[in-house]
Amino acid sequence: MAEGGEPVSDETLAQRVQRGDRAALEQLVRRYIRPVHAVIASFLPEPSQVDDAAQETFLRMLRAIHTYDTRRPFAPWLYQVARNAARSQIAAESLRSTEPFPADGPAATGPLPDVAAERSEIRARVARALEALPEQRRVAFRLVDVDGMGAAEAGRIMGISDGTVRAHVHHARKQLREALAEYANVMDDERGPAT
Amino acid sequence: MTEHRPDSSTAPDAPYAEPLPREWLPEGVAPEGDAVWEARAARILLLTEHAWTAEARRTATPWLMELGRWLSPAALLAASAAALLLSAGNQASSTPQEDAAALSLITADGDPVALWATLGVTADPVLALLTLEDHTAWTSRVDAARPATGERR
């Protein structure tokens, strides 16, 4: 991972991949497998779809690596590849099935205790509200609030400043709260130490 | 990579919207270092290996074509060099002699000995002059004997 104590930059690794270095490819995959999954998860609800699209992302990355300009940051380039792979997956899924995404999720599987049922209902509402967010806002919210990334890291991956990421997260939270206004009392009860 | 918890750097200043309860949000990706990532990375690397091999095979060219492509500039260069050498050789064998003869005629400036010398003959000055005069006289006689164009009519 490091040469002489200094971590090898993404751009250097990508350049090595361009020259056919498999070890460099392995390093890039290990370094970006988690962020790529997190980005794709903001587009696709199903974990199995996320896995498929993540694999497709790295395959596309390998096929298109010769088009990557090593003078530019690698992470936003890979972010675009992941974004496109996720969109292709959505298009493929919509062709495969015209069934809508189940609105109530696990709640439909059987009776649940009241609290769990309510939480499940709220999560389904959150999922729908997330789908309605603009793309950048949704991705920023997902990376920061769901996957626990720092604003700076999320910004580095998305190719935007950390201030912009914070703004996106702020607006996403606000928009989600508005969409879930009827659960305000539950929200107050569940506000725990994490907040 | 960061830890799997909401980012404290986004903790609200006064107007900053508060995070939603964690229980309401979708499941996040597993934290870094989780064994699941190792398995996923291994699967992706296996897939990329197939793609890598296929791509290498697709872009590979037969060795003979590769050799030809490598040799063609060298062959072109060699042919050019040979042509240049031949051309230079021809010029070296013919041109200086012809040029020398032409220059000698010019520099002879009517001197009979010098004129004979351009033909490689070391002539006696008197004989050379006589030969030249005799040739001139002979040419004049032939011209005089030839009927004029106007007399024929």
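The values are calculated or read from the model by the stated rules, or taken from the named source; none is laboratory data. Only a predicted model underlies this, so the values are computations on that prediction, with no experimental measurement involved. Heads up, the Cβs are rebuilt from the backbone with ideal geometry, glycines too, and the neighbour counts pull from every protein chain shown. Accessible surface areas use protein heavy atoms only, side chains included; no ligands, DNA or RNA. Shrake-Rupley method; radii C 1.70, N 1.55, O 1.52, S 1.80 Å.
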>> What distance in nm separates the two pseudo spin-label positions at A:ARG71 and B:ASP143, each 7 Å out from Cα along the beta-carbon direction?
In response: 8.1 nm
> Per-residue accessible area for B:ASP34 at 1.4 Å probe radius, Å² rounded to 10?
Replying inline: 60 Å²
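Looking at the stretch A:10-65, which GluC sites (Glu not before Pro) are in a loop (DSSP not H, G, I, E or B) and have at most 15 other Cβ atoms within 10 Å? Each step should come with its number before you reach the end.
Details: sites: A:GLU11, A:GLU26, A:GLU56; in loops: none.
Answer by residue number: there is no such site.
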>> Full-extension gain between B:ALA75 and B:ALA88, please, as 0.36 nm times their residue separation minus the C-alpha to C-alpha distance.
In response: 2.7 nm
> Counting only the heavy atoms of the protein chains, how much of B:SER72 is accessible to a 1.4 Å probe, in Å² to the nearest 10?
Replying inline: 60 Å²
> With labels modelled as points extended 7 Å from the Cα through the Cβ direction, what inter-label distance (nm, one decimal) is found for A:GLN15 paired with B:GLU18?
Replying inline: 5.0 nm
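Using Cα pairs under 8 angstrom and six or more residues apart, how large is the relative contact order of the stretch A:114-190, in percent?
Values: 50 pairs, mean separation 24.5, N = 77.
Over the stretch A:114-190, the number comes to 32 percent.
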